[in-house]
Amino acid sequence: MGLQLVFIGTIALCLVVSSAVLERFEQALKQDGSLSFLVIGDWGRKGAYNQSKVAFQMGVIGQLLDIDFVISTGDNFYDSGLTGIDDPDFDDSFTKIYTASSLQKQWYSVLGNHDYRGNVEAQLSPVLTNLDKRWLCLRSFICLFTFFVSEVAEFFFVDTTPFVDKYFIEPKDHVYDWSGILPRKQYISNLLKDVDLALQQSNAKWKIVVGHHTIRSAGVHGNTDELVKQLLPILEANNIDLYINGHDHCLQHISSFDSAIQFLTCGGGSKAWRGVVNWWKPEEMKFYYDGQGVMSVKVTETEIDIVFYDVYGHVLHKWNTSKQLHASW
């Protein structure tokens with residue numbers, strides 16, 4: 001195993017190179033031992049559908065929280081991803097939109113189904129990072145955040161689009177870029193093994209998984225059955241804390257009686273207001289908002305604080321959980 005320092009964005013990341021498929025980045029927490037970030041999804045529309053307004057509020061919130069990075073839950077560029085590394089949509093929907101000084105931090109991005117309708121390799125290309133140093137998009141990867149010798153939070157970014165059968169069986173008039181995915185069954189099998197192994201080996205206090213597609217959702221897309229059957233058992237077995245996704249264009253928080261996992265949807269980066277809210281058990285549905293907005297998360301060794309905001313910066317929902325720093329004897 002080799003170790004190489006990689007400078008991406010405005011922070012120094014440590015990329016651990018191993019035989020595993022999943023690349024793994026490491027970063028130290030701030031001196032106070034905290035980590036703050038924003039989550040946005042389903043956004044890239046050249047500022048339209050309130051994308052610019054959400055971006056403005058992200059800048060304000062990011063400044064107040066002194067965020068360390070931003071997570072994008074996918075569908076980064078509508079309607080059909082990027083055509084290539086020289087596609088002006090990258091500039092028009094990303095660089096020119098998220099201009100606030102507080103947002104000039106690392107962006108960790110996964111791919112959504114709309115991104116797969118374009119040139120996938122373009123979004124994954126380091127050429128885009130050269131154009132805007134904030135940009136980091138990979139299919140699946142890991143980020144570990146440490147405080148001295150303590151592993152505080154580990155993020156597992158999972159490429160969920162290849163799991164969904166209908167994109168292969170009934171693509172309608174859409175053309176998907178499956179280069180690097182086929183044979184699909186082997187790709188999914190390897191990914192599930194890699195995620196399971198990485199979760200098993202994690203010593204982090206908090207385990208957070210990020211993907212584009214929903215696992216639990218009352219929105220128009222509902223649950224993603226393929227992820228419920230194949231990915232969720234792995235997440236439950238490894239006692240993850242949060243599953244963060246986009247895909248449904250809403251803001252949402254669902255808990256579960258089956259595990260401690262919190263299912264958090266943040267797909268309100270631009271076009272929203274679908275007008276569809278399916279029934280859900282009231283005791284599990286903590287929050288649902290059928291509109292645009294953003295989510296903030298603050299993590300310490302003992303606590304996680306989550307806040308959802310609307311396009312005007314109003315607080316819509318708060319949630320907190322805690323863990324003991326040391327075991328009781």
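Descriptive notes on the structure:
- Residue in segment 290-311 that is farthest from the chain's Cα centre (by Cα), counting only those that are open to solvent by 50 Å² or more (accessible area, probe 1.4 Å) and within 27 Å of S52 (Cα to Cα): D305
- Scanning segment 306-329 for residues that are farther than 19 Å from G59 by Cβ, touching a Ser or Thr at 6+ places or on another chain (Cβ under 8 Å) and without any contact (Cβ under 8 Å) to a residue 24 or more places away in the chain yields a count of 2.
- Residue count for segment 19-69 under the criterion of being without any contact (Cβ under 8 Å) to a residue 40 or more places away in the chain and not in a helix (DSSP H, G or I): the result is 5.
- For segment 261-275, the tally of residues that are assigned to a loop (DSSP other than H, G, I, E, B) and within 23 Å of the chain's Cα centre (by Cα) stands at 9.
- Within the set K207, K185, K105, K193, the sole residue that is within 29 Å of P88 (Cα to Cα) and either open to solvent by less than 10 Å² (accessible area, probe 1.4 Å) or at pLDDT 95 or above (or both) turns out to be K105.
- First in segment 228-248 and under 12 Å from V210 (Cα atoms), second anywhere and basic (K, R), Cβ under 7 Å, 6 or more apart: I240/K207; D241/K207
- Residues (open to solvent by less than 10 Å² (accessible area, probe 1.4 Å), touching a strand residue (DSSP E or B) at 6+ places or on another chain (Cβ under 8 Å) and charged (D, E, K, R)) located in segment 25-72: none
- Options D79, D91, D87, D75: the member that is open to solvent by 30 Å² or more (accessible area, probe 1.4 Å) and in a loop (DSSP other than H, G, I, E, B): D79
- Residue match in segment 231-238 (condition: surrounded by fewer than 22 Cβ atoms within 10 Å (Cβ to Cβ), out of contact with any Ser or Thr (no Cβ under 6 Å at 6 or more places or on another chain) and acidic (D, E)): no
- Subset of segment 278-300 that is in contact with a strand residue (DSSP E or B) (Cβ under 6 Å, 6 or more places away or on another chain) and charged (D, E, K, R) - its residue that is nearest to Q63 (Cα to Cα): K298
- Members of segment 211-251 that are of a type in the set (G, A, S) and under 15 Å from Y167 (Cβ atoms): G211
- Restricting segment 275-285 to residues that are open to solvent by less than 100 Å² (accessible area, probe 1.4 Å) and under 29 Å from Y49 (Cβ atoms), the residue that is modelled with the lowest pLDDT: V276
- Meets criteria (touching a residue at least 60 places away in the same chain (Cβ under 8 Å) and open to solvent by 50 Å² or more (accessible area, probe 1.4 Å)) for K271: yes
- Within segment 239-268, considering residues that are aliphatic (A, V, I, L, M) and open to solvent by less than 10 Å² (accessible area, probe 1.4 Å), the one nearest to K286 (Cα to Cα): I254
- Among the residues making up segment 249-258, those that are touching a residue at least 24 places away in the same chain (Cβ under 8 Å) and either under 11 Å from R216 (Cβ atoms) or part of a strand (DSSP E or B) (or both) are L251, Q252, H253, I254, S255, S256.
The values are calculated or read from the model by the stated rules, or taken from the named source; none is laboratory data. Please read these numbers as outputs of a predicted model, since none were measured by experiment. Ideal geometry is used to build each Cβ from the backbone, glycine not excepted, and the neighbour counts take in all protein chains shown. The protein model used for the area step is the full one, side chains on, heavy atoms only, and it has no ligands, DNA or RNA in it. Shrake-Rupley method; radii C 1.70, N 1.55, O 1.52, S 1.80 Å.
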